[in-house]
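Working notes, beginning with the structure itself.
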Amino acid sequence: MAEVAVIYPGSFDPITNGHLDLIRRGSQLFDRLVVAILTNLEKEPLFTIDERIDMLQLVTEDIANVSVDTFSGLLVDYARQKQARAILRGIRAFSDYEYELQMALMNRKLEPRLETVFMMPGESFAYISSRLVKEIFHHGGPVKGLVPPLVEDRLKQKFPARAAQMR
Ligand SMILES: Nc1ncnc2c1ncn2[C@@H]1O[C@H](COP(=O)(O)OP(=O)(O)OP(=O)(O)O)[C@@H](O)[C@H]1O
Ligand SMILES: [Mg+2]
């Protein structure tokens, strides 16, 4: 049997413990998992693509079948190029469902052989998003437990003044 690869696409600005939970679950289900950072449609990211690649590689280095890559353009074209059979997406609240369903059905229209697989995070991660992590950090709130310790350090390095304000 040929190995089954899955693409986990997103902006990962930055990677959170919710993303990491999904990556671990996905890596147990598929032979190979590629975390793919979308580089188009960027609206003022906090971390550069290189910084995001670096963080993703470091926090997934203990998972043998996970790799990190970037892509632009259509996800279905990228998946074809990587010979992936599936797209992995996470569903947190019901609010994720509408957008995710639309994307999954459109991608199926574009490439019928590519399946979208949805996974639920562990419930303690279900309320985490990159946007909220950035907002909390921006206002001097604690992000411990929401992101891997390495990401917390990188946030503090980027904003030393905010880090000092955090106590
Ligand atoms: N805490 C989480 N639990 C489960 N899935 C998640 C979680 N956070 C993100 N995902 C999923 O990961 C994929 C990539 O998400 P994305 O890069 O938009 O992250 P995000 O945290 O939602 O960031 P942003 O707040 O910038 O939108 C999406 O399928 C999203 O639903
Ligand atoms: Mg999102």
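Quick check: at a probe of 1.4 Å, how many percent of the accessible area of the chain sits on carbon and sulfur atoms?
Numbers: 5290 of 9710 Å².
C and S fraction of accessible area: 55 percent.
Quick check for you: with a 1.4 Å probe and neighbouring chains kept, what is the accessible area per residue of the chain, in Å²?
Working: 9710 Å² over 167 residues.
So the chain comes to 58 Å² accessible per residue, rounded to a whole number.
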When the charge dipole of the range 116-167 is computed with +1 on Lys and Arg Cβ and -1 on Asp and Glu Cβ about the Cα centre, the Cα farthest towards its positive end, among Pro121, Val147, Phe159, belongs to Phe159
Taking Cα atoms only, Rg over Rh for the chain with Rh from the Kirkwood formula is 0.97
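Rounded, prolate or oblate for the range 1-89? Axes are the square roots of the Cα gyration tensor eigenvalues, ordered a ≥ b ≥ c, and the cut-off for rounded is a/c under 1.5. Walk me through the numbers before you get to the answer.
Details: a/c = 2.08, a/b = 1.24, b/c = 1.68.
Because a/c hits 1.5 or more and a/b fails to exceed b/c, the range 1-89 counts as oblate.
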Contact order relative to length for the range 5-127, counting C-alpha pairs under 8 Å separated by 6 or more residues, stands in percent at 31 percent
Given a cut-off of 23 Å, name the pairs among Lys134/Lys156; Lys43/Lys134; Lys43/Lys109 whose C-alpha atoms lie farther apart than that in the structure shown. Lys43/Lys109
Amide N proximity, the range 67-93 versus Arg113 label position 7 Å along Cα-to-Cβ, cut-off under 11 Å: 80-81, 83-85
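The values are calculated or read from the model by the stated rules, or taken from the named source; none is laboratory data. Because the structure is a prediction, the values reported are computed rather than measured. Using ideal geometry, Cβ is built from the backbone for each residue, glycine included, and neighbour counts are taken over all protein chains shown. Heads up: the accessible areas ignore ligands, DNA and RNA and are worked out on the full protein's heavy atoms, side chains in. Shrake-Rupley method; radii C 1.70, N 1.55, O 1.52, S 1.80 Å.
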